[in-house]
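Encoded as structure tokens, the structure appears first; notes follow it.
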Amino acid sequence: MGLVSQSTESEKAPMKIGFLACEGTIPGSPRRRADAHEHDLQVDAIEPALAARGHELAVIDWRAPMQEFNDIPLLLLGTVWDYQDNEEEFLAKLDALESQGIAICNSPETLRWNIDKRYLADLAELGAATIPTNWVEEPRAGDIANAFEQFDTDSLVVKRQVGA
């Protein structure tokens, strides 16, 4: 019978973990968005916890050249808030990163499924509780007026199907 032991945090090698962002959220960017403080809050929450375990968090623009990801074995999907305007480019980049052996949280397969909010219809069909939704490809004023009546409400949320 062999001996199996659990490694401790101190025995694990330090790792550089990537946090994917976009030009509009990275501090110092000339195109930084007014709401990019949310990026700072996320990084401020994650970075100390990783550092306490000997790891480093590296904020990287998802459009960065592939060589900038060479020493990163794991990527967190952070503040990639412009993906919806560049969906195919974004998904292609994730595929390229994964093909280089980089683990991505969540996987490109999962992201392909839920990048379009119609995944919520899939979940509803499986019995998950979801918000009542009208799936309209290109909503017009009449569609919105009908939704008020259909849902018997005074307020609606109108959202892109592929969007942050």
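The values are calculated or read from the model by the stated rules, or taken from the named source; none is laboratory data. Predicted, not measured: the structure shown is a model, and the values here were computed from it. When we count neighbours, we look across all protein chains shown, and the Cβ atoms used for this are built from the backbone with ideal geometry, even at glycine. Side chains included, ligands, DNA and RNA excluded: accessible areas come from the protein's heavy atoms. Shrake-Rupley method; radii C 1.70, N 1.55, O 1.52, S 1.80 Å.
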Count of region 38-63 residues which are part of a strand (DSSP E or B) and closer than 15 Å to W81 by Cα: 3
Among the candidates I26, I17, single out the residue that is more than 29 Å from E137 (Cβ to Cβ), at pLDDT 95 or above and not in a loop (DSSP other than H, G, I, E, B). I17
Output yes when any residue across region 94-108 is in contact with a Phe, Trp or Tyr (Cβ under 7 Å, 6 or more places away or on another chain), outside any loop (DSSP other than H, G, I, E, B) and under 30 Å from P48 (Cβ atoms), and no when none is. yes
Name the residues in region 34-66 that are in contact with a helix residue (DSSP H, G or I) (Cβ under 7 Å, 6 or more places away or on another chain), open to solvent by less than 30 Å² (accessible area, probe 1.4 Å) and not aliphatic (A, V, I, L, M), would you? W62
Going by the conditions given, is L91 under 17 Å from G163 (Cα atoms), at pLDDT below 95, among the aliphatic types (A, V, I, L, M) and out of contact with any strand residue (DSSP E or B) (no Cβ under 9 Å at 6 or more places or on another chain)? yes
Among what's in region 96-153 and is of a type in the set (K, R), under 18 Å from the mean Cα position of the chain (by Cα) and open to solvent by 50 Å² or more (accessible area, probe 1.4 Å), pick the residue that is nearest to Q67 (Cα to Cα). R112
